[in-house]
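The values are calculated or read from the model by the stated rules, or taken from the named source; none is laboratory data. Here the structure is a predicted model, which is why all the values come from computation and not from measurement. Cβ: placed from backbone, ideal geometry, glycine included. Neighbour counts: every protein chain shown.
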Amino acid sequence: MGEQGQEKLQTDDGLEFLDLEPEVKEFVRAEARHEAEPDKKEDSHLWMALLLAAAVAVALCGILWLKLPAAIVLLVVILEAALGACLRHAPLWLHGVVLVGNLVLGIVFELAVFLLLADLVYLAEIVSSYFQRRTRERRKR
């Protein structure tokens, strides 16, 4: 199994390999392209981690610091994340309306600090969705 009887070939994309079957050549090219591209899935995981961290932080602040019932805190956190997911393609002014509406509700129900914290979950969902969509679009190119 020596390399004496085989010729070395140079391709136009700079790869050098032995004269092998076409399927193997294509596999080698695909692997080289894959190694040259950064792993874009990690970006998606980073933004999901941001959303999870924001949700956990707001829930802990609401329960431990503001002494609110856990069921209410968790319900609001889940609703804010769901609202952000539903409105991820909405225009920017609508996100402003949602944020101001949360502030007004917080003032009315004397929970302004908590609902401002809950807005962080909403904003984290919007930012996470935006960057995930951008990553998917880059992957398609």
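The figures follow:
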read-out: Unmet criterion (only one of (1) part of a helix (DSSP H, G or I); (2) over 18 Å from Val127 (Cα atoms)) for Ala49; value: (2)
read-out: Selection count, region 38-53, where residues are modelled with pLDDT of 80 or more and within 11 Å of Ser128 (Cα to Cα); value: 8
read-out: Cross-chain or 6+ apart pairs with Cβ under 7 Å, region 91-114 first and over 20 Å from Trp65 (Cβ atoms), then among the acidic types (Asp, Glu); value: Leu99/Asp119
read-out: Hits in region 52-84 (condition: among the charged types (D, E, K, R) and within 10 Å of Val121 (Cα to Cα)); value: Glu80
read-out: Region 67-90 - residue that is more than 22 Å from the chain's Cα centre (by Cα) and surrounded by 13 or more Cβ atoms within 10 Å (Cβ to Cβ) and, of those, farthest from Val113 (Cα to Cα); value: Ile72
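Conditions tested, residue by residue: (1) part of a loop (DSSP other than H, G, I, E, B); (2) among the aliphatic types (A, V, I, L, M); (3) in contact with a Cys (Cβ under 9 Å, 6 or more places away or on another chain); (4) farther than 23 Å from Gly62 by Cβ.
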position: Leu75; (1), (2), (3), (4): no, yes, no, no
position: Ile78; (1), (2), (3), (4): no, yes, no, no
position: Leu83; (1), (2), (3), (4): no, yes, no, no
position: Arg88; (1), (2), (3), (4): yes, no, no, yes
position: His95; (1), (2), (3), (4): no, no, no, no
position: Leu99; (1), (2), (3), (4): no, yes, no, no
position: Leu115; (1), (2), (3), (4): no, yes, no, no
position: Val121; (1), (2), (3), (4): no, yes, no, no
position: Ile126; (1), (2), (3), (4): no, yes, no, no
